[in-house]
Structures are given as structure tokens and as C-alpha cells.
Amino acid sequence: MKTHSTSRTASRAVRTPGGLSLRVDPRALIVVVLLLAAACAAGVALIGTGDAGIPAADVLKTLAGNGTAYQDFIVNELRLPRVLVGLLVGASLGLGGALFQSVSRNPLGSPDVLGLSQGSTAGALVVIVLMSGTSAQVTFGALVGGLVTGCAIYLLAWKQGVHGYRLVLVGIGVSAIATAVNGYLLTKADLVDAARAVVWMTGSLNGRDWDQVWPLLALCAVLVPLVLANARGLRMMEMGDDVANALGVRVQRVRLVLMVSAVLLTAAATAAAGPVSFVALTAPQLARRLTRSPGPNLVPSLCMGAALLVAADWASQRLFGADQLPVGVVTGVLGGGYLLWLLVTERRAGRI
């Protein structure tokens, strides 16, 4: 009788001193380590990039506290916050996308498709166009808009529970409505507010400082452990609600906790950097292809999102000469190409 080795059978059980048993996939662990290294390397390269270029060795020396006063100002005050916001936004989008795709059981079930990004954009535009608000007020408006949109999608998709395809269909409808609202708000804006709104809608890390780092870091510090604590339930739910219930998973409770966490992560990321497109869609898919592991792949998706966004930000500054593009333009081009490839692949496989 032939046996076939898979990532599931290759996983190993590890028991901690406290008696907790964890199952670790060696390949997934290697992928996570490599993605973290890639994200850190891209971050160091990004810190050294700019009009005042700094070699990577000097960047590391300055981060360790051994740089000159000039290097310390450039690295720690101007560029490090931007990189940290990029890492946190990418990680939040990657994890939020993995949660949405797992809950909806659909590779297209990402915040970009479900309308959360458009809802956050609507909240920001209300503040910009109708209130001429400050940057802090725009951030708050985007956060509220994302939360309201997420609640609306969940409630409209509820019918004795929330199921995947109904969630995606409701999300597409809400996305269309939010897009129409955004277009209307832009037509009512004056020239200055409209230009400001368009810049924000592109998605950018320009001008980000420590004021954006700390709230996003605090949110991730709370939500990431909460999500990982419910990862087993999410994995059981991918086999179907009936099977998960039979295995003792409180399906609706776990789904609600994970959906709220995904909405908060996505809304906070959008509030911090604008609607950076396609990271939430592509990061979980790329992570799953690298790990070749079934299940939601939450940690690899988180690391992939962080690496993707920082690498895209570096590319936006270095690959287009004197024209530095917002990071949302780069992720939009790359993500759009990936979406087309994914659709062609799914069609050839007979899944759509």
C-alpha cells in the first residue's frame, strides 16, 4: 500500500513544559522565518532609501544606538516610523485577508472585494469633504467607516448564521454602494479637498510618524493573540459547520470573534495608510502556496503581508526614477495582475 507524504502528515507535535501540545509544520515554520527575514531586510533597505541615502550597515548601527546625531534623526525620527507602519499595516491586512478567506471559504473573500476598504474610504471622505477635518479626524473617520461597513455586512449576511457565499455576495453589494457614495462625495468636494481625498484614497505611507505606530501596534498586540487562540476552531470550521460542531467548536461564537477581529485589523490598517489594495487578497494565497499546507495559514499570511507591503514601498521609491509612487499604486498593479492570474487558474481548474 503506497503512502503519500503531505504537509499534514509532516507536521510534528511539540509539547511545552506547561503540558500544552502544539502541532508544528516544519515547512511552514521555515517559510515564516524566511518571510520575517525578508521583511526585516526590506525594512532596513527602505530606511536607507531617500535623498539622504544611508548604507545598510550604518542603518543597523544607528538602530543599535551607535549612529551620529544626524543619522539618528534621519533613521529614528523620519524613516523608522514609516517602516513600522508599513510592517504593521501589511501584517494586519495579511491576517485580516486570511481570516476573511477562511471564513467565507472563498479565495476572493478579501476586504477589497467585500467592501470594507470602500467603507473605510467613505468614512474618511465624509470627514475630508463635509468637515474639512484634520489628519487625526480622517483616521478616526476611516476607522468608524470600516467598522460600520463590517457590521452591516455581517448583519445583512446573517440567516441562521453567516455562510461563505452569502457573505461574499452581500459584501460585493455593499462595496458597490460604498463606491457610489465615495464618487458622490468627490463630486461635492472643492478642488483642495478633492485633491486631498484622491491622495488619501491611493494608499500611501508618506508622512507617517510615531502617532500612527502606537495605536496600530497596541491593536495588533491585542487582536493577533486573540485570533491565534481561535485558530483551531477556524481550522475545524473549514471542514464544515456540522463537523466543527461535532468536534466541540462553538461555530457562531468563533466566527463572530474572528470576523470582528478581521474587520478591526482591516479598518485600522486602512485608517493608518489609506486603502492599500490587494495585499489582503494576495498575501494569504502566496503564503499558502509557499507552505503547501492546508488550513488558514494565519501566521505565514501575516508575515507575507508585512514583507509584501514594505517591499512594495521600497519599489515605489527606487524603481521609477525621480517619480516616487504611492505604495497603493504598486500593490494595485501587482495585485491586479495576480487577481487575473488567479481567476484564469480557477477557471481552468473548473472551480468558477
Consider LEU340 against the criteria (1) under 25 Å from LEU87 (Cβ atoms); (2) open to solvent by 60 Å² or more (accessible area, probe 1.4 Å): it satisfies all of them except one. Which criterion is unmet?
(1)
Say whether the condition of being under 22 Å from GLY109 (Cβ atoms), open to solvent by 60 Å² or more (accessible area, probe 1.4 Å) and not in a helix (DSSP H, G or I) is met by at least one residue in the range 278-285.
no
What helices (runs of 4 or more DSSP H) lie completely within the range 54-154 and have 2 or more residues being of a type in the set (S, T, N, Q)?
80-104, 116-125
Taking into account only those residues within the range 228-255 that are among the aliphatic types (A, V, I, L, M) and in contact (Cβ under 8 Å) with a residue 60 or more places away in the chain, which is most open to solvent (accessible area, probe 1.4 Å)?
LEU228
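The values are calculated or read from the model by the stated rules, or taken from the named source; none is laboratory data. Since the model is a prediction, treat every value here as computed from it, not as a measurement. Note that each Cβ is placed from the backbone with ideal geometry, even for glycine, and that neighbours are counted across all protein chains shown. Just so you know, the surface numbers come from the protein's heavy atoms only, side chains and all, with ligands and any DNA or RNA stripped out. Shrake-Rupley method; radii C 1.70, N 1.55, O 1.52, S 1.80 Å.
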